Amino acid sequence: MRAVAWLGLLLAPCLAQAQPRKVYLRHCGADSRRLLDELATEADPVRAAARLDALLGRAARPASRGLLCEVGPHTLRSLRAELVLRLAAAAPEVRAALARRQGAAATALRGAGASPEKVLARYPLAPAAAVAALELWSDLSERGAFADALALAEELGPLLPSLREGPAALARLALAQAAAGDPAAPATLRALAKLDPERAAVREPAVRAALGRGAAASAGPRGGARLREVARRRLVRTPATRAAAPAVATVLGREAVVVADGTRVWIFDGEGVLQGKAPLGEASTDPLPPTAGLRVRPALYAGLVFAPLVVERWLAPGRARPGADPAIAGRYHCLAALDPAGGRIRWWDGDASEGGSPPGWGACDPAQRELLRRGHAVAVASDGQRVYVALTVKGEEPELWIAAYEALGSRSSLALRAAWPQAAHLLSSERSTGGSGDEPAEAEITAALVLDGRGRLLCTTSVGLAACVRTRDGELLWAQEPRPSPRARRSFRLRRGGRVRAVEEPAPAVLVDGPRGRVAVFLARAALVAARVRDGVTAWERPRGPAQRLLAAGGRAIAYGGVDARAFDAQGKLVGRAAFDLPCAGEAARSGRVLVFPTRRSGSRPLVVLERWILGEGGALRAPVDGRQTVLRAESGPVHLAPIPGGVVATSSKQAVFFRWE
């Protein structure tokens, strides 16, 4: 009995850490759910319009921002997004009654100086809403936010035909699609040519030029091409027994290849020549990242490289909570902006150094400025208009937020301001372990961000939740609950505080276009799930199997892990499969239709082998005769690949190796 008791004490920390954790979402109130239920069965157009008007008023309140309602199995949608979809499907009599009801109020609100966004949110069917939508479209186009303009047309086009119908609307839409790289631009141009050939002829050169640039950028090597090593750069000098987290490479701009491991950032050119680095953690006694496996993906915005980096508490004393013990070495995931020319830090959200100045801020909501200061930046993304940051805020119930910031000034005197009225709150969670805030700070919830190029930001999380946020204003559009593990004794519901087990790192979602629209494919705990991007409805669901990562190629979603890779089309049909000779060791890379997977042989003499596969026209995966190539020896940890112009870069915790196709 005494031995059993000691064994229980020894295993208690491990068992406590393995316990699933509760995750909470914000749901709309009972009154709103009741009105939605009554609306579905209301036959009288006038009463239905009255209920819709009441619900639109609630959804337009700032306090209702981000409230979700359950619309299907594992699917939740924001109250406003649900109302827009119901308006599009409503009977013409109901829409006409609502337009009459909202007309005078919308005109009065617009006359009072309200922004087009407020008019569209509160009175989407009023005549004043059509004018407001065109004003908003013009403003977005002038600022170059063509992806946001496309999202506006897709969302409100069924309600406001002036956004998508007629020669003028098609001309605007074709230009925005071409600028955003949307493959639907030629079809829109053909539709415009039938209505107004002269206007189509004016738009055609710009559309063709934009599509030609995208086709040239996506061209890859021939199927029989091999990789030739051109440069090998060592990243860390730590002892072999204390390897840092695996680095990940990102291509930013035309030439810059940014490699980051959580505490350091290296900037290379396409040939592997070091251009600059930011060793924020080298002066620390423990420069290693606190979260093993946290893949840091930098983003290029305003001519600077934005990346979340880990610093210790003594470098940011102002971040410690009141009463915290300074002897305990806490860590913080800060957001830093680096000059790509030399790696010099131009902006960061930490404390001012001695004799230095604090980070620059423009006219910014204090709450969002404090959110960036208190939160741990775990992911960044940028579309050129804003920089988006996923933040974990620690506390009694750790939270995950997404905030967006705009740059002011030049690179040498950068200042940021909040780009959204409010940050997007995704979820709250119970603490994974007990203890006080004096413990070394780790990002208990991690995330990955992906932009769809049409005004939406997709977020996958380490607790299995996937969500979609509108980039124009930060509105949470929909969320997909994680699927329970097959080994779980019972299912769960996030709305009731269901428990899920956290995974170490989330795989970014991939986007696949199909005949029924674009779908986002992501890993949701025990399943591989595809959700329609426009409304969050589950398009299909397949067993996850050994898949650990995802890759988009040739209109297919490649789920790979272990010794297996599967290719699915937009409808969820299995169209190709590959079997590796060795287990997959990290992230794969795509160059055109050539896919490169890193595989690893373990043992006393580990090595990494790259396996090349060809993606056929129908999605079949075919291995060339000489498809295997040994590139890295004595590598026992994960190795991630990333495509660069004309080649591939392989990064690990120790080195970055640059290859060229030949």
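Of all residues in segment 402-426, those that are over 16 Å from TRP347 (Cα atoms) and either open to solvent by less than 60 Å² (accessible area, probe 1.4 Å) or charged (D, E, K, R) (or both) total 8. Looking at ARG566, ARG549, can you tell me which residue is open to solvent by 20 Å² or more (accessible area, probe 1.4 Å) and in contact (Cβ under 8 Å) with a residue 24 or more places away in the chain? After ruling out the rest, the residue left standing is ARG549. Answer yes or no: is there a residue in segment 40-62 that is under 24 Å from the mean Cα position of the chain (by Cα), on the phi < 0 side of the Ramachandran plot and open to solvent by less than 40 Å² (accessible area, probe 1.4 Å). No - not one qualifying residue is present in segment 40-62.
Looking at segment 587-595, can you tell me whether even one residue there is under 23 Å from ARG556 (Cα atoms) and more than 23 Å from the chain's Cα centre (by Cα)? Spell out how you get there, then give the answer.
Taking segment 587-595 as the starting set, the residues that turn out to be under 23 Å from ARG556 (Cα atoms) are 587-595.
Filter once more, keeping what is more than 23 Å from the chain's Cα centre (by Cα): 593-594.
Yes.
Working only within segment 554-577, note down all residues that are out of contact with any Lys or Arg (no Cβ under 8 Å at 6 or more places or on another chain) and either farther than 16 Å from ALA620 by Cβ or modelled with pLDDT under 90 (or both). Full working, then the answer.
Quick first cut of segment 554-577, residues out of contact with any Lys or Arg (no Cβ under 8 Å at 6 or more places or on another chain) only: 555-557, 562-563, 573.
Residues satisfying the conditions are GLY555, GLY562, VAL563.
Summed over segment 378-401, the residues that are over 16 Å from LEU252 (Cα atoms) and surrounded by fewer than 24 Cβ atoms within 10 Å (Cβ to Cβ) give a count of 8.
Residue count for segment 630-644 satisfying the condition of being modelled with pLDDT under 80 and open to solvent by less than 30 Å² (accessible area, probe 1.4 Å): 4. Scanning segment 94-127 for residues that are small (Gly, Ala, Ser) and open to solvent by 20 Å² or more (accessible area, probe 1.4 Å) yields ALA96, ALA99, ALA104, ALA105, ALA108, GLY111, ALA112, GLY113, SER115, ALA121. Filtering segment 583-591 for residues that are within 22 Å of GLY627 (Cα to Cα), open to solvent by less than 20 Å² (accessible area, probe 1.4 Å) and either part of a strand (DSSP E or B) or in contact with a helix residue (DSSP H, G or I) (Cβ under 8 Å, 6 or more places away or on another chain) (or both) leaves a non-empty set. Inside segment 474-498, residues that are in contact with a Lys or Arg (Cβ under 9 Å, 6 or more places away or on another chain), modelled with pLDDT of 50 or more and open to solvent by less than 30 Å² (accessible area, probe 1.4 Å) make up a count of 9.
Restricted to segment 592-629, and to residues there that are open to solvent by 20 Å² or more (accessible area, probe 1.4 Å) and of a type in the set (Gly, Ala, Ser), the residue that is modelled with the lowest pLDDT is SER604. Answer yes if at least one residue in segment 156-172 is out of contact with any Cys (no Cβ under 6 Å at 6 or more places or on another chain) and within 21 Å of ARG65 (Cβ to Cβ), and no otherwise. So far as segment 156-172 goes, yes, one or more of its residues are out of contact with any Cys (no Cβ under 6 Å at 6 or more places or on another chain) and within 21 Å of ARG65 (Cβ to Cβ).
Just to be sure before I move on: is GLY103 part of a loop (DSSP other than H, G, I, E, B) and over 32 Å from the mean Cα position of the chain (by Cα) in the structure I sent? Spell out the reasoning first.
Working: part of a loop (DSSP other than H, G, I, E, B): no; over 32 Å from the mean Cα position of the chain (by Cα): yes.
In short, no.
Quick check, is ALA249 at pLDDT below 80 and surrounded by 21 or more Cβ atoms within 10 Å (Cβ to Cβ)? Yes; evaluated as a whole, the condition is true for this residue.
Going by what's in this entry, would SER162 be described as out of contact with any Ser or Thr (no Cβ under 7 Å at 6 or more places or on another chain), hydroxyl-bearing (Ser, Thr, Tyr) and open to solvent by less than 50 Å² (accessible area, probe 1.4 Å)?
On the way: out of contact with any Ser or Thr (no Cβ under 7 Å at 6 or more places or on another chain): yes; hydroxyl-bearing (Ser, Thr, Tyr): yes; open to solvent by less than 50 Å² (accessible area, probe 1.4 Å): yes.
When the stated conditions are applied, SER162 passes them.
Checking each residue in segment 361-408 for being in contact with a Gly (Cβ under 7 Å, 6 or more places away or on another chain) and either over 17 Å from THR471 (Cβ atoms) or acidic (Asp, Glu) (or both) picks out THR392, VAL393, LYS394, LEU408.
Considering VAL503, VAL512, VAL469, VAL463, the condition of being among the β-branched types (Val, Ile, Thr) and at pLDDT 95 or above is satisfied by VAL469 alone. From the list LEU150, LEU98, LEU134, the lone residue that is closer than 28 Å to VAL46 by Cβ and in contact (Cβ under 8 Å) with a residue 24 or more places away in the chain is LEU98.
Of the residues that make up segment 427-435, is at least one modelled with pLDDT of 80 or more, open to solvent by less than 50 Å² (accessible area, probe 1.4 Å) and at negative phi? Lay out the reasoning, then the answer.
Just the residues of segment 427-435 that are modelled with pLDDT of 80 or more, to begin with: 427-428.
Restricting the remaining residues to those that are open to solvent by less than 50 Å² (accessible area, probe 1.4 Å) gives 427-428.
With at negative phi added as a condition, the list becomes 427-428.
Yes, because at least one residue in segment 427-435 is modelled with pLDDT of 80 or more, open to solvent by less than 50 Å² (accessible area, probe 1.4 Å) and at negative phi.
The values are calculated or read from the model by the stated rules, or taken from the named source; none is laboratory data. Predicted model, so just to flag it, every value in this text is computed and none were measured. Cβ: placed from backbone, ideal geometry, glycine included. Neighbour counts: every protein chain shown. Note: areas computed on protein heavy atoms with side chains; ligands, DNA, RNA excluded. Shrake-Rupley method; radii C 1.70, N 1.55, O 1.52, S 1.80 Å.
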